[in-house]
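This report refers to the structure that appears directly beneath it.
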Amino acid sequence: MTLRDKIKLTEGKNCWETREYPDDGVPKIFMCDGPHGLRKQDFTNQLFSSESVKATCFPTAVTTASSFDVNLLEEIGDAIAKEAIDQKSQMVLGPGVNIKRNPLCGRNFEYFSEDPYLAGKLAAGLIKGIQKNNIGACIKHFACNNQEYKRMASDSLLDERTLREIYLTAFEIAIKESKPKAVMSSYNKINGDYSSENKKLLTDILRDEWGFEGFVMSDWSAINDRVKSIQAGCDLLMPGGTGYGEKEVINAVKRGELSKNDIRRSAARIAKVARDLEVKFTPVESDGIEDYIHSHDVARKAAEQSAVLLKNDGILPLKANVKIALLGEMADNMRYQGSGSSRINPMHLVNPVDVLDGCKDIEAADVCVIFAGLPDAYEAESYDRADMKMPQSHIDLINETAAKNPNTVVVLFAGSPVEMPWIDNVKAVLYMGLPGEAGGEAVKNLLYGYVNPCGKLAETWTYNYSDVPSAESFGSRDAVYSEGIFVGYRYYSSKNVAVRFPFGYGLSYTTFEYDKPVVSGDKVTVKVKNTGSVSGYETVMMFVEPPESGEIERPVRELKGFTKIYLKPGETKTAEFTLTDRSFAIWQDGWVIPKGTYNIEVGGKKAFIFKQGDEFTPIKYEIPKPSMRLAVKGEYTLNDSVMDLMHESKIVEAFVKKREKEMAEKYGNTTSPEYMLMHESVLSAPMRAMIMAGQVKEKVANALLECANGKMTEAFFKYLEL
Ligand code: GLC
């Protein structure tokens, strides 16, 4: 391969493939979104060119996280990989492990938890399941992509300890444990540097500290400066096909600003993974149908094992002879996944009404089951939620029904926590998250007790949005993580803030009792007994509580172990955990263990362990100041969006209006998630992103830029490429 070939290899061939050089033994990689199913697009250079190929839609991460079951995630990954093989794809773009800093992030449905230990362990399970089929996984979005608002321009501003302990740990655990073939750098900046050109992130930490050996790809159209990206360790620009930045790369090599070795290094990483993933055999030309039947069963089991019983005064499980009413729009059309790049075209969608017999008459029914929650448009990729409220119509239906028939049960479909002003009026609440295509079957099996609910919340549900520690700072382009490490339960339990449902909460149709934990060396054991009348799973969680008199502020508890055990009535089993240095460590320019006595808490009972710890000088980290770059006329760059610039130029305004009209015609209503995603990705995104996404030619973007800068002559020169 020539150097030119190697430069080409560091840019995708189109929206979904890398380039192939057969004579040099470099096959292509055809990648598809994930993370909760295969979204195979056709090969045009569009993010959403057409309805994707039918595939099994598994529950999204918000749901499977509540299973607390690493083996289940591995089963899901295995099933997705088999469908990838059937569709001749070599890489699945997932899992997403960004931490849930704030419940309004529109994309939290696609992520696991507010806790990095849980998120990392579950992600490792999914990646292992995918990669044991010789299909690559791509963990994303690395890192600190914790909001959707202006995600391509936002700057996440946080101190080093918060970055390490909260926002990188899930990636660290998953990468060390499961070795994903790829990492996707995120859109945003971190402390002023775009992730895609952040050497500390992509080389010093990811490779030199963690030993990552795959390749790094950018998020779609996320590259800012292609030369800096290659230097930093972002190996592959996606989507490819426009040659974005190629001239700059070639010129930088000529000027000696970019070493040829950097290019060779990136090209070699991509080539190695492509060879690793090359199909060593032609997939069996099966119709693959049996894989999809198996996948659907896994999807149903995952929904059953992840659902969280939030309230039950005894009305559940329903008895077979009870006459039920099925109410609410989501009985017929449940919300089973989120919108954006993860949206799957389900192979076999089963709604609650497809498997439940019920009437619509509140008065005649013994029990009213209302299917309610967050509709698609309330949360999606590319924009954030306005608040934590459900639609008023859903709230009214619940209250009106309960007023007429007190035996009211709510089945809730939502990708993130909601405020529940109605909860005291109903007798039970079963939270399904976004349960995937088999959600209807899972609901039936759970309501009738054929399956005993065992899910536990993987994020805190507050009474009100104002209780959330980042509520004040969330929603601006530049995000100042002033709450630091006090995210989720780390905040609520440390500051004694009452919450509606705590992290780890979930009821069962049976009950469990815990003995005191026993610590012996680095082992922790605890006996758990099923004291109820039905069998069921119990997730046993181990929290570590730091010494009280610590010089450095720490959360009062942190999750450092979890395991799931199945118990028959009266049965007792022993749950086992292993403590490691990281069970006690904090970041102080390295991982150190403060000396002192730590509590080990399991099931509300405690044992303790003394740690001699490390000698270190405490460091108090500061949050970097925002780089408040306020763009002004004459200084606009391709990092500004046409929406930012349209007030400066009638030509830019006309361009925006024309594109908005075209989008409205293509996507119908302008509140649909699809319209919002394209609007964000094209018109609200930096103009450089429009070029890479093939939405506008580079000469047009440059001409529009000069119009906004008031330089009309330059605008013509740029348009005519003179
Ligand atoms: C999107 C998403 C990313 C996805 C990619 C390809 O913008 O941020 O998760 O894998 O583009 O669709």
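Just so it is clear, none of the values below were taken in a lab; they were calculated from the coordinates. Everything quoted here is computed from the prediction, not taken from an experiment. Glycine gets a Cβ as well: all are built from the backbone with ideal geometry, and neighbour counts include every protein chain shown.
Below, the figures for the structure above:
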{"read-out": "P(r) weight above 15 Å for the range 510-611, C-alpha pairs, percent", "value": "62"}
{"read-out": "Footprinting exposure proxy for Val487, Val451 (fewest neighbouring C-beta atoms within 10 Å first)", "value": "Val451, Val487"}
{"read-out": "Summed residue charge, Cβ within 15 Å of Glu304's Cβ, Lys/Arg positive, Asp/Glu negative", "value": "0"}
{"read-out": "For the range 305-480, the Rg and Dmax computed from alpha carbons only, in angstrom", "value": "16.4, 56"}
{"read-out": "Radius 12 Å from Cβ of Gly34, net charge of other residues (Lys, Arg +1; Asp, Glu -1)", "value": "+1"}
{"read-out": "Förster radius 25 Å - calculated FRET efficiency between Asn669 and Asp396 (Cβ-Cβ, nearest 0.05)", "value": "0.65"}
{"read-out": "Ile135, Ile7 arranged by Cβ crowding within 10 Å, fewest neighbours leading", "value": "Ile7, Ile135"}
{"read-out": "The chain - Debye-derived log10 I(q)/I(0), Cα point model, q = 0.09, 0.11 Å⁻¹", "value": "-0.81, -1.20"}
{"read-out": "Ellipticity estimate at 222 nm from DSSP helix runs (n ≥ 4, -39,500 (n - 2.57)) divided over the chain, nearest 500", "value": "-8000 deg cm²/dmol"}
{"read-out": "Extension reserve of the Glu278-Glu721 stretch, reckoned as 0.36 nm per residue once the Cα distance is removed", "value": "155.4 nm"}
{"read-out": "Spin-label pair Lys88/Thr531, simplified geometry with 7 Å Cα→Cβ offset, distance in nm", "value": "6.0"}
{"read-out": "Alpha carbon convex hull of the range 409-501, projected area averaged over orientations, nm²", "value": "7.8"}
{"read-out": "Taking the C-alpha atoms of the range 642-720, convex hull volume expressed per residue in Å³", "value": "80"}
{"read-out": "Gain in span if fully extended, Asp354 to Ala631, counting 0.36 nm per residue against the direct Cα distance", "value": "94.3 nm"}
{"read-out": "Equivalent ellipsoid dimensions for the range 3-280 as semi-axes, Å, which come from the Cα gyration tensor, largest first", "value": "27, 23, 17"}
{"read-out": "Lys, Arg +1 and Asp, Glu -1 on Cβ, resulting dipole of the chain about Cα centre, debye, nearest 20", "value": "1060"}
{"read-out": "Over 18 Å (Cα to Cα) - which of Lys311/Lys360; Lys650/Lys711; Lys323/Lys360; Lys247/Lys699 fall in this group", "value": "Lys311/Lys360"}
{"read-out": "Rg/Rg_globular for the range 1-137, with Rg_globular taken as 2.2 N^0.38 Å and Rg from C-alpha atoms", "value": "1.15"}
{"read-out": "Computed Kirkwood radius, in angstrom, where 1/r is averaged over Cα pairs of the range 141-287", "value": "16.2"}
{"read-out": "Length added when fully stretched, Tyr448-Asp204, from 0.36 nm per residue minus Cα-Cα", "value": "82.5 nm"}
{"read-out": "Highest-first arrangement of 236-243, 350-357, where packing means the average Cβ count within 10 Å", "value": "236-243, 350-357"}
{"read-out": "Proximal aspartates and glutamates relative to Lys404, as straight alpha-carbon distance under 17 Å, when same-chain residues fewer than 8 apart are discounted", "value": "Asp361, Glu363, Asp366, Asp396, Asp424"}
{"read-out": "Calculated P(r) tail over 17 Å for the range 555-685, as whole % of Cα pairs", "value": "76"}
